[in-house]
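Data first, discussion second: the structure below is written as C-alpha cells.
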Amino acid sequence: MKRASLHLLKGTGYLVSTVSVVLLAIVSWSNASKDLLLTACLLAGAATSVAGMFCRWLSYEIEKRKEERFEKPSDQAMKIPMADHGADARSASR
C-alpha cells in the first residue's frame, strides 16, 4: 500500500472516530442535560476526544510533509546535473 493511501486511511479512520464521538454524545445528551455536571463532562469528554484525534491526525500530516520535503531535494539533485549537462551540451555545440 502506498504512503498516500495509508495517510488517507488514517485520516478516514480519525474522521469516522470523530463522527462516532458525536453520535454517542447525541444519544447521551437527553440524560446528561438533566444535570449540569453530567452536561459538562459529556461536552468536555467529546471535545477532548475529538481534539486528541485531530492532534494525532495532524502529527501524521506533519510527518508526511517532512518526508516529502526530504524526498524532493534528492529527486531534484538528481535532475539538476541532467539539466546542467544539457545546458553545457548546448553551449558547446554553438
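The values are calculated or read from the model by the stated rules, or taken from the named source; none is laboratory data. Keep in mind that what you see is a predicted model, and the values were worked out from it rather than measured. Ideal geometry is used to build each Cβ from the backbone, glycine not excepted, and the neighbour counts take in all protein chains shown. When the accessible area is computed, the model is the full protein with side chains, heavy atoms only, and any ligands, DNA or RNA have been set aside. Shrake-Rupley method; radii C 1.70, N 1.55, O 1.52, S 1.80 Å.
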Inset, instruction - Would you be able to say whether some residue in the range 51-72 is more than 22 Å from L6 (Cα to Cα), surrounded by fewer than 10 Cβ atoms within 10 Å (Cβ to Cβ) and at pLDDT 55 or above? - result: no
Inset, instruction - Return the total of residues in the range 1-46 being among the acidic types (D, E) and either part of a helix (DSSP H, G or I) or open to solvent by 80 Å² or more (accessible area, probe 1.4 Å) (or both). - result: 0
Inset, instruction - Scan the range 12-39 and report the pairs whose first residue is among the small types (G, A, S) and whose second residue is part of a helix (DSSP H, G or I) and open to solvent by 70 Å² or more (accessible area, probe 1.4 Å), with Cβ atoms within less than 8 Å and a gap of 6+ or a chain change. - result: A25/L43; A32/L38; A32/C41
